[in-house]
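FYI, it's all coordinate maths here, none of it is from the lab. Just so it is clear, the structure is predicted and the values come from calculations on it, not from any experiment. Here Cβ is always computed from backbone atoms with ideal geometry, including for glycine, and neighbour counts include all displayed protein chains.
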Amino acid sequence: MTAADLERVDVSVDKLRELVARGVLLAAMTATHSESDRIAYANDLFLLGHPETCPGEKDYPGFAASVARREAENRKYRRAA
């Protein structure tokens, strides 16, 4: 697939990612034998369709920066070890 092919797609890249994620979740949900996994996949599908229910930066100011700082420190210490 070329860039020209992608330009002809009727949906945005974000929507395409959502559709692929939805397909992967549905396939995993139907393939699993675990009831708890099916519940988790159903929850993921709900959250995928309703991103407004997911907490974000406005709900937890500074949280993303804190996590990024901790990840960077972790990478630094792992390289040193």
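Work the Kirkwood hydrodynamic radius out for the stretch 10-49: mean of 1/r over every pair of different alpha-carbon atoms, inverted, in Å.
On the way: mean 1/r = 0.0948 Å⁻¹.
The answer is 10.5 Å.
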Label-point separation in nm, THR53 to MET29, each point 7 Å along Cα→Cβ:
1.1
Can you tell me the 0 to 90 degree angle between the C-alpha axis of helix 63-80 and the longest principal axis of the chain, rounded to 10?
70
For the chain, what ratio Rg/Rh do Cα atoms give with a Kirkwood hydrodynamic radius?
1.12
Any GluC sites (Glu not before Pro) in the chain that lie in a DSSP loop and have at most 13 other Cβ atoms within 10 Å would be GLU57
Expressed as an acute angle from 0 to 90° and rounded to the nearest 10, what is the orientation of the C-alpha long axis of helix 35-49 relative to the principal long axis of the chain?
90
